[in-house]
Amino acid sequence: MSLYRTRVAGTGSYLPPDLITNKDLEKLVDTNDEWIRERTGISERHRALPNQATSDLAYEASLLAIKDANLEPKDIDCIIVGTVTGDYQTPSTSCVLQAKLGLNGIPAMDVGAACSGFIYILSMADAYIRMGMYKNILIVGAEVTTRFVNYKDRETCILFGDGAGAWVVSRTDTQAKDVVYSSHLRAEGSLGDLFIRPSGGSKRPFSQEVLDDNSYWFTMKGREIYKNAVRTMSATCQEALEFNKMNSSHIDWLVPHQANWRIMEAVANHFDFPKEKVISIVDQMGNTSAATIPVAFDFARKDGRIKRGQTILLTAFGAGLTAGSAVLQF
Ligand code: UT7
């Protein structure tokens, strides 16, 4: 029996000012604007300034989310960051963020579920709140992917960008309607090789050899990832709808992980969901991994599409391979 339920009290997002356009990429690799837009829907991505690390992006998004929740940083009692491009291997980016927010003492942890990171951390925060452990949890998806992208590999460098999105999720009572209804998570570790940064960890530590053979960067089998993404996101959406005894007509907005417009479209088609109700800002952001869902959500709120009281379905997939979905009333 849950003691409490979880509501989304505030949202915020931050995209750094520097842009990488398709025209910029034409100068680096054998590609062109038309191919990138047709195959992915992406026109531009944001890139962190040289003096910005992942925690800096997370900090900006967090301040906005805390303000939006009508809270002060001191009201936050736990921080969870989803990232695979943290400031350091150790300490965690959540600890760096905690110090920047002046919140020494409260728990802070990172979760490395790649592009599914935000659904994973939302699910964890929801469980903590339902158990009564914390009242106001700051959850942040934040990535500086561009520091780990090989700008000589045309298949990957066209996809990724930097950004951060934050939510404050807060304790509410069990009778409330504007709550997180469900989350479903999955992972298929046997498919880990499909998207991997092979070196720089304990398996193959950083060395001159690693630099020379380019294994420090993200490597990807794009086609296979594409097929798995459509399969797993469709399956987790189906799972979420069945669990909540809903069908697509109960959902006001689908906010999927923003990796490629064609993937989002295929997932929507899978359960006859109208494309006009799919939130996509992939054209202006590219794939910011764990940040895509909270950033897209925040943009859609600010442009007036997502409103309080609406029912939202989130779905994501990512390296691992990981995947998940969540349903909430905002
Ligand atoms: O969190 C995980 C992140 N990764 C993803 O989400 C990736 C998911 N996958 C995708 O989004 C797509 O598979 C890509 C955008 C990566 C590729 O699109 P595709 O429609 O699956 O193309 P493809 O891999 O089947 O390649 C078609 C052609 C190939 O040439 P040939 O063999 O037909 O001559 C590629 O070499 O397009 C070529 N190609 C490119 N051409 C111009 C691959 N990348 C590019 C490029 N510009 N950037």
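Pairs are defined by a Cβ separation below 6 Å, a sequence spacing of at least 6 or placement on different chains, a first member in the range 22-48 that is under 24 Å from MET264 (Cα atoms) and outside any helix (DSSP H, G or I), and a second member that is more than 9 Å from the ligand (Cβ to nearest atom) and among the β-branched types (Val, Ile, Thr); the pairs so defined are GLY41/VAL282; ILE42/VAL282; GLU44/THR21; ARG45/ILE20; ARG47/ILE20; ARG47/THR146.
Taking (1) in contact (Cβ under 8 Å) with a residue 60 or more places away in the chain; (2) in a helix (DSSP H, G or I); (3) surrounded by fewer than 23 Cβ atoms within 10 Å (Cβ to Cβ) in turn, ASN70 satisfies each apart from (2). Against the list (1) within 25 Å of VAL81 (Cβ to Cβ); (2) assigned to a helix (DSSP H, G or I); (3) in contact with a helix residue (DSSP H, G or I) (Cβ under 6 Å, 6 or more places away or on another chain), the condition THR315 fails is (2). Does any residue of the range 171-193 turn out to be among the hydroxyl-bearing types (Ser, Thr, Tyr), surrounded by 22 or more Cβ atoms within 10 Å (Cβ to Cβ) and closer than 30 Å to GLN329 by Cβ? Within the range 171-193, one or more residues are among the hydroxyl-bearing types (Ser, Thr, Tyr), surrounded by 22 or more Cβ atoms within 10 Å (Cβ to Cβ) and closer than 30 Å to GLN329 by Cβ.
Note on the range 178-214: residues that are in a loop (DSSP other than H, G, I, E, B) and out of contact with any strand residue (DSSP E or B) (no Cβ under 9 Å at 6 or more places or on another chain) total 11.
I need the full set of residues from the range 139-162 which are closer than 30 Å to ASP75 by Cβ and within 14 Å of the ligand (Cβ to nearest atom), in order please. If the condition is that a residue be closer than 30 Å to ASP75 by Cβ and within 14 Å of the ligand (Cβ to nearest atom), then GLY141, GLU143 are the ones that fit.
Selection of the range 21-62 for residues being out of contact with any Gly (no Cβ under 6 Å at 6 or more places or on another chain), among the hydrophobic types (A, V, I, L, M, F, W, C) and within 13 Å of the ligand (Cβ to nearest atom) yields LEU25, LEU28, VAL29, TRP35, ILE36. Each residue in the range 298-312 was checked for being part of a loop (DSSP other than H, G, I, E, B) and buried (at least 20 other Cβ atoms within 10 Å of the Cβ), and 1 pass. For the range 166-194, a residue qualifies if it is of a type outside the set (Asp, Glu) and more than 30 Å from LEU64 (Cβ to Cβ), and the qualifying residues are ARG186, ALA187, GLY189, SER190, LEU191, GLY192, LEU194.
Residue-level check: of (1) of a type in the set (A, V, I, L, M, F, W, C); (2) more than 16 Å from the ligand (Cβ to nearest atom); (3) surrounded by 21 or more Cβ atoms within 10 Å (Cβ to Cβ), VAL111 misses just (2). Taking first residues from the range 185-199 that are in the same structural domain as ARG223 (by TED's automatic domain parsing) and partners that are part of a helix (DSSP H, G or I) and of a type in the set (A, V, I, L, M, F, W, C), the Cβ contacts under 6 Å between residues at least 6 apart in sequence or on separate chains come to LEU194/ILE225; PHE195/ILE225; SER199/VAL210. If you take the residues of the range 246-288 that are in a strand (DSSP E or B) and within 12 Å of the ligand (Cβ to nearest atom), which of them is surrounded by the most Cβ atoms within 10 Å (Cβ to Cβ)? Within the range 246-288, the match that is surrounded by the most Cβ atoms within 10 Å (Cβ to Cβ) is PRO256. Screening the range 200-220 for residues that are exposed (fewer than 15 other Cβ atoms within 10 Å of the Cβ) and under 26 Å from ALA259 (Cβ atoms) and picking the one that is nearest to the chain's Cα centre (by Cα) gives GLY201.
Hey, any hits in the range 150-158 for a residue that's aliphatic (A, V, I, L, M), surrounded by 21 or more Cβ atoms within 10 Å (Cβ to Cβ) and touching a strand residue (DSSP E or B) at 6+ places or on another chain (Cβ under 6 Å)? The answer is no, given that none of the residues of the range 150-158 is aliphatic (A, V, I, L, M), surrounded by 21 or more Cβ atoms within 10 Å (Cβ to Cβ) and touching a strand residue (DSSP E or B) at 6+ places or on another chain (Cβ under 6 Å).
The values are calculated or read from the model by the stated rules, or taken from the named source; none is laboratory data. If you're wondering where the values come from, they're calculated on a predicted model, not measured in any experiment. Don't worry about glycine lacking a Cβ; one is built from the backbone with ideal geometry, like all the others, and counts go over all protein chains shown.
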